[in-house]
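The values are calculated or read from the model by the stated rules, or taken from the named source; none is laboratory data. Every value quoted in this text rests on a predicted model; they were computed, and no experiment measured them. Heads up, the Cβs are rebuilt from the backbone with ideal geometry, glycines too, and the neighbour counts pull from every protein chain shown. Accessible surface is based on the protein model in full, side chains and every heavy atom, while ligands, DNA and RNA are left aside. Shrake-Rupley method; radii C 1.70, N 1.55, O 1.52, S 1.80 Å.
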Amino acid sequence: MASSLQIALDPRRSVVVEACAGSGKTWLLVSRVLRLLLDGAQPSEILAITFTRKAAEEMRQRLHDWLRRLAVASDEEVRAMLRERGIAARDEDAGLAKARDLFERVLCAQPGICITTFHGWYLQ
């Protein structure tokens, strides 16, 4: 039986994340974005909406930092990051190759990933 974290990280599932401050929502949401990218989603297909500009900026920065780490870190560090985000051991080799290419793919994408607030999205 899958844990609630495994279910929440599975890009094939729709989930609602409700939790108090400091519980790891940002980690989980950015991890879902990462999993979507690893599963082949195009950056332009991803929309992440939050309530505050500060939260949106934190999500953007964390995603950028993780993508940079995935591009330059040792294979073992990348494998550990993939496992933490629910990638099965049997899929690590394929995930490693995909993870290495994400930084450039996401940075060069036009349009890119949209991480914004509800107000910002409505104004678009």
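Residue count for the range 23-43 satisfying the condition of being of a type in the set (S, T, N, Q) and within 14 Å of residue 60 (Cα to Cα): 2. Within the range 2-17, can one find any residue that is among the charged types (D, E, K, R), over 23 Å from residue 95 (Cα atoms) and exposed (fewer than 11 other Cβ atoms within 10 Å of the Cβ)? No; the residues of the range 2-17 include none that is among the charged types (D, E, K, R), over 23 Å from residue 95 (Cα atoms) and exposed (fewer than 11 other Cβ atoms within 10 Å of the Cβ).
Test residue 58 against the criterion of being within 13 Å of the chain's Cα centre (by Cα), open to solvent by 70 Å² or more (accessible area, probe 1.4 Å) and either modelled with pLDDT under 95 or farther than 18 Å from residue 36 by Cα (or both), and give yes or no. Here the answer is yes, as residue 58 does meet what is asked. Checking each residue in the range 79-95 for being open to solvent by less than 20 Å² (accessible area, probe 1.4 Å) and assigned to a helix (DSSP H, G or I) picks out 81, 82, 92, 95. For the range 63-78, which positions are crowded, with 18+ Cβ neighbours inside 10 Å and closer than 27 Å to residue 21 by Cβ? Once the filter is applied, which keeps residues that are crowded, with 18+ Cβ neighbours inside 10 Å and closer than 27 Å to residue 21 by Cβ, the range 63-78 yields 63, 66, 67. For first residues located in the range 37-53 and farther than 22 Å from residue 118 by Cα and touching a residue at least 12 places away in the same chain (Cβ under 8 Å), partners that are open to solvent by 60 Å² or more (accessible area, probe 1.4 Å) and in a loop (DSSP other than H, G, I, E, B) and lie 6+ apart or on another chain with Cβ distances below 9 Å form the pairs 39/12.
Of all residues in the range 85-104, exactly one satisfies the criterion of being under 20 Å from residue 57 (Cα atoms) and more than 14 Å from the chain's Cα centre (by Cα), namely 104.
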